[in-house]
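Since the structure comes first, as structure tokens, the remarks are kept for the end.
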Amino acid sequence: MKAAPEEIYVLNQSVRLLQPGEGGFRTSLDSVMLAAACPAKAGDRVLDLGCGVGGAIFCVLKRLAGVFGCGIEIQDEYVELARQNAALNNNTDRCEFIHGNIAEFEVSDPKQRFDHVIFNPPFMEAGTWTPSPDTGRATALGHADFDLDIGVWVDCAFRNLKSGGSMTIIHRADRTDEIIQAMCGRTGNRRFGAVEIFPLWPRDGQAAKRVVIRAVKDRKTPATIHAGLILHEANGDYTEKADAVLRNGERLF
């Protein structure tokens, strides 16, 4: 029998989230950072690919009034928790969650394409390390029996975005080259421009373990590499800037 869901809080306890109990995938700092990097404004529609229990979506909705969020998730248990989280956060009229596969998902009407797509893809390619005994966690980490490389995620973002819409990704820094390559697609045609790369440094002087990458569909503008954000002081406390993002909901960049 699976453990009962546990309840956690993010954004200075302003967002409540039910997540799978012991053994399931955990909502993390990445979801908050991803939401903080999304450049949405009032009236926009945001799609989260592989949304889990909706952590990033609810952070976006908390930060930005007048935004509508949609999440697609392959694990039905997580979709159900996301729908419960919508009620917990009084957001049932501002979001929807779909049980589906991003390899196949596409809005039926081009007029319904999204202004922004966000995602935090699995950390590992299938088969690169020992699978977790928990199927949900294994899927979320990217080592269950699913052939979804980073290109599948970028392809889904491209076909569901409006022209001029933004795609925002948080991922392992050592996967940056694969993400940039995926933006060109299998034909080699440039599909995204105005690429912004924003490293997240664990501490001053340490190599980045995470990176946020943002790009705009059908744009030709050259890329920018930002100074990034140092997450922790030497004593382990969050830096002032990181704390402002994680607790107060400030934009990342």
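The values are calculated or read from the model by the stated rules, or taken from the named source; none is laboratory data. As the structure is a computational prediction, the values presented were derived from the model and not from experiment. When we count neighbours, we look across all protein chains shown, and the Cβ atoms used for this are built from the backbone with ideal geometry, even at glycine. All accessible areas refer to the heavy atoms of the entire protein, side chains included, with ligands and DNA or RNA removed. Shrake-Rupley method; radii C 1.70, N 1.55, O 1.52, S 1.80 Å.
Tell me the label only: which of [x] 49, 48, 42; [y] 84, 37, 31; [z] 52, 37, 31 is Cα extents along the principal axes in Å as calculated from this structure?
[x]
In percent, how large is the relative contact order of segment 55-103, given Cα pairs closer than 8 Å and 6 or more residues apart?
43
Counting other Cβ atoms within 10 Å of each Cβ, which GluC sites (Glu not before Pro) in segment 8-97 have at most 12 and sit in a DSSP loop?
Filter output for segment 8-97: Glu22.
Just how far, in whole angstrom, is segment 178-207 from segment 31-89 if you go by their alpha carbon centroids?
22
Within 10 Å of each candidate Cβ there may be at most 14 other Cβ atoms; applying that plus a DSSP loop requirement, which trypsin sites (Lys or Arg not before Pro) in segment 40-76 survive?
Lys41
Heavy atoms only, probe 1.4 Å: what % of the accessible area of the chain goes to carbon and sulfur, would you let me know?
Carbon with sulfur: 50 percent of the solvent-accessible area.
To the nearest 0.05, how large is the calculated FRET efficiency for Gln206 and Ser108 if R₀ is 41 Å and r is the Cβ-Cβ distance?
Result of the calculation: an efficiency of 0.35.
Tally the DSSP beta bridges in segment 1-119 and give the antiparallel ones as a percent, rounded to 5.
In segment 1-119, DSSP labels about 25 percent of beta bridges as antiparallel.
Could you work out the relative contact order of the chain, using alpha carbon pairs under 8 angstrom and six or more residues apart, expressed as a whole percent?
Relative contact order here is 17 percent.
Please compute the per residue accessible area over the chain with all protein chains in place, 1.4 Å probe, rounded to a whole number of Å².
47
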